[in-house]
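Single-structure report; data block below.
The values are calculated or read from the model by the stated rules, or taken from the named source; none is laboratory data. Note that the structure is a prediction, hence the values are computed from the model and not measured. No Cβ is skipped: glycine too gets one built from the backbone with ideal geometry, and neighbour counts run over all protein chains shown.
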Amino acid sequence: MMTTMYGSVDDVDQLTNALIKSNCHFKLHIDAAYGGFYYPFSSNDNSLTFKNKHITSFTLDAHKMAQAPYGTGIFIIRKGLIQNANTKEATYVEGEDYTLIGSRSGANAVAVWMILSKNGPHGWHEKIFILQKRTQWLCNQLDELDIKFYRHPASNIIAIHSNFNFPKIAKKFGLVTDNHLQPNWFKVIIMEHVTIEKLELLVNEIKTSLLHESNHLSDNKVIS
């Protein structure tokens, strides 16, 4: 439910339909680490909720869109299935581990409760509505400039393709790349502090760069 680089969303119905057709027994986990606090408020997609009987569990990271303290993870699973999430062995950690560890800080859980209580469902819808409008504004500007980008319609992530000298602009504005060695895409995440005024600075920088590139090409044609 929204990848952290592109904001793309998988079509789970396509997956479950194929598994059912093949008579496979399966459990489906949804990685909503990024989109869990965004996508349900920007989309009416009921195939990515517990209304979908094929979905078993979800994970969400509250330290992303909910802006809780770092390391605040949420795991939700249907009743009667929690034993499937417990394991004495995890190859990526040393020693024994469980999905639910009792020694984690309770302050993180309290912080999430306070954030959600303060906003409420209506406040959260309003927040996402505003971010969607800002994201669409930037998409419109990029379209006008004929800049290649990807954005899922229900996402606040815009991945801009690395053309002309965009890496220099991305470095100036602190944009995240898909690959630090050979970057192909740079993402802009529209958060509450990312206002239209700040986005205008990025757009103007792109316009200046395009103008400079156009003048440079014209000079080369004259010389040739």
query = Can you tell me which residues in segment 38-51 are buried (at least 18 other Cβ atoms within 10 Å of the Cβ) and free of Cβ contacts under 8 Å to residues at least 40 places away in the same chain?
reply = 40
remark   = Considering segment 6-37, residues that are part of a helix (DSSP H, G or I) and in contact with a Ser or Thr (Cβ under 8 Å, 6 or more places away or on another chain), and then whichever is nearest to residue 73 (Cα to Cα), we arrive at 36
request  = Check whether at least one residue in segment 175-195 is assigned to a strand (DSSP E or B) and surrounded by fewer than 17 Cβ atoms within 10 Å (Cβ to Cβ), and report yes or no.
outcome  = yes
Residue check for residue 68: in contact with an Asp or Glu (Cβ under 7 Å, 6 or more places away or on another chain), among the aliphatic types (A, V, I, L, M), in contact (Cβ under 8 Å) with a residue 12 or more places away in the chain and under 20 Å from residue 124 (Cβ atoms) = no
note = When (1) over 13 Å from the mean Cα position of the chain (by Cα); (2) charged (D, E, K, R); (3) in a loop (DSSP other than H, G, I, E, B) are applied to residue 64, the one that fails is (1)
ask   = residue 39 is checked against (1) within 30 Å of residue 135 (Cβ to Cβ); (2) out of contact with any Asp or Glu (no Cβ under 9 Å at 6 or more places or on another chain); (3) at pLDDT 95 or above and fails just one. What number does that condition carry?
value = (2)
